[in-house]
Amino acid sequence: MKVKTKSKKLNKAWLNEHIHDPYVRQAQKEGFRSRAAYKLKEIDEALHLIKPGQLVVDLGASPGAWSQYVRRKFAPKDAGTGGAAVGELNGTIIALDLLDFEPIEGVQFIQGDFREDAVLQQLQGAVGDRPVDVVISDMAPNLSGIEISDAARIEHLIELAIDFSQQHLKKEGALVCKVFHGSGYSQLVEMFKANFRVVKPIKPKASRDKSAETFLVGIGLKSA
């Protein structure tokens with residue numbers, strides 16, 4: 001009984017924090033599917049990665065807040081307007097996730113597991129011969145709580161994202177990946193440094209303080 005009571009208190013505390021979270025409220029007000037949009041927004045405003053006319057691949061896209069942010073960046077800014085959630089689009093967005101994805105106008109979605117060769121081939125087919133400007137990855141494995149096992153799962157996803165970037169990114173392109181501080185973090189930083197000329201770790205204000213989540217950004221591929 002004590003465990004259940006404690007669990008209820010934790011759930012209630014999380015719900016209360018979620019409801020009063022300024023980023024959750026802002027997301028609801030501005031029509032974003034989750035507060036995650038503001039994490040990418042902060043990263044983009046710091047590094048100026050997303051520009052109209054680009055090809056962007058969004059890995060781990062569901063529920064779609066990052067694709068929404070990119071889509072609005074691609075909306076033409078004629079006569080001082082821009083940032084539209086619908087209508088004309090100057091750029092290409094390809095999104096992939098294992099989970100369902102409510103359609104976003106102008107976003108091509110592929111459902112499947114990025115770790116499976118058949119799904120990866122489908123994504124590569126959608127990209128074709130076009131060089132990718134930016135790969136954004138909010139992918140995270142289902143965490144078991146076993147630190148060594150979780151670190152290996154995270155590293156595997158990062159390796160796949162880097163490998164995809166090596167094959168498809170423009171020479172001056174960028175990769176943004178969600179990672180976690182803890183076991184294996186320093187190895188992930190070294191992996192980025194081995195593949196990119198510039199590596200920047202960023203902890204957006206929109207990431208909750210108590211979360212171990214952070215982001216690594218690699219810019220400019222090193223020669224193989």
Rounded to the nearest 0.05, what FRET efficiency do Ala46 and Leu160 have when you use their Cβ-Cβ distance and R0 = 35 Å? 0.85
Long-range amide H partners of Arg33, meaning residues 5 or more apart or on another chain whose placed amide H is closer than 5 Å, are Ala65
What number, rounded to the nearest 500 deg cm²/dmol, is the helix-based mean residue ellipticity at 222 nm of the chain, given -39500 (n - 2.57) per DSSP H run of at least four residues and division by all its residues? -13000 deg cm²/dmol
Listed residues Trp66, Pro52, Pro131: farthest to the positive end of the dipole of segment 18-159 (Cβ charges): Pro52
Lys170-Asn90 pseudo-label distance in nm [points 7 Å out on the Cα-to-Cβ vector]: 1.4
Select from Asn142, Asn90, Asn195 the residue whose mean-square fluctuation is largest in a Gaussian network model of the chain (Cα-Cα springs shorter than 10 Å). Asn142
From the P(r) of segment 29-121, can you give the percent of Cα pairs sitting at distances over 14 Å? 65
Cross-link list Lys77/Lys222; Lys51/Lys210; Lys51/Lys170: which exceed 25 angstrom alpha carbon to alpha carbon? Lys77/Lys222; Lys51/Lys210
If the reach is capped at under 18 angstrom between alpha carbons, list the aspartates and glutamates near Lys193, excluding any in the same chain fewer than eight residues apart. Glu155, Glu159, Asp163, Glu172
Projected onto the charge dipole of the chain (+1 at Lys/Arg Cβ, -1 at Asp/Glu Cβ, origin at the Cα centre), which of Gly218, Ala194, Gln26 gives the Cα projection farthest towards the positive end? Gln26
Residues whose placed amide H lies under 5 Å from that of Ile110, excluding near-sequence neighbours: Ala95, Leu96, Asp97
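Report the convex hull volume per residue for the chain, counting only C-alpha atoms, in Å³.
Values: hull volume 31.4 nm³, N = 224.
So the per-residue Cα hull volume is 140 Å³.
With +1 on each Lys and Arg Cβ and -1 on each Asp and Glu Cβ, and nothing else charged, work out how big the dipole of segment 56-143 is about its Cα centre, in Debye to the nearest 20.
Around 320 debye, computed over segment 56-143.
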For the chain, what's the relative contact order in percent, using C-alpha pairs closer than 8 Å and at least 6 residues apart? 16
Sorted peptide list for 133-141, 43-51, criterion being average Cβ within 10 angstrom, highest first: 133-141, 43-51
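Report the charge-dipole magnitude of segment 77-207 in Debye, nearest 20, computed about the Cα centre from +1 at each Lys and Arg Cβ and -1 at each Asp and Glu Cβ. Kindly include the intermediate steps, with their values, before the conclusion.
Details: 12 positive and 19 negative charges, 139 e Å.
Dipole about the Cα centre, nearest 20: 660 debye.
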Counting sequence-distant residues (5 or more places) and residues on other chains, those with an amide H built under 5 Å from that of Val132 are Leu169, Lys170
Mind listing the phi-derived Karplus ³J(HN,Hα) values for segment 171-178, rounded to whole Hz, using 6.51, -1.76 and 1.60 with θ = phi - 60°, and x for any glycine or proline? 3, 9, x, 9, 10, 10, 10, 7
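Since every read-out is calculated from the coordinates, none of them should be taken as a lab result. What you are looking at is a predicted structure, and each value in this text was computed from that prediction instead of being measured. Every residue, glycine among them, receives a Cβ derived from its backbone with ideal geometry; neighbour counts consider all protein chains shown.
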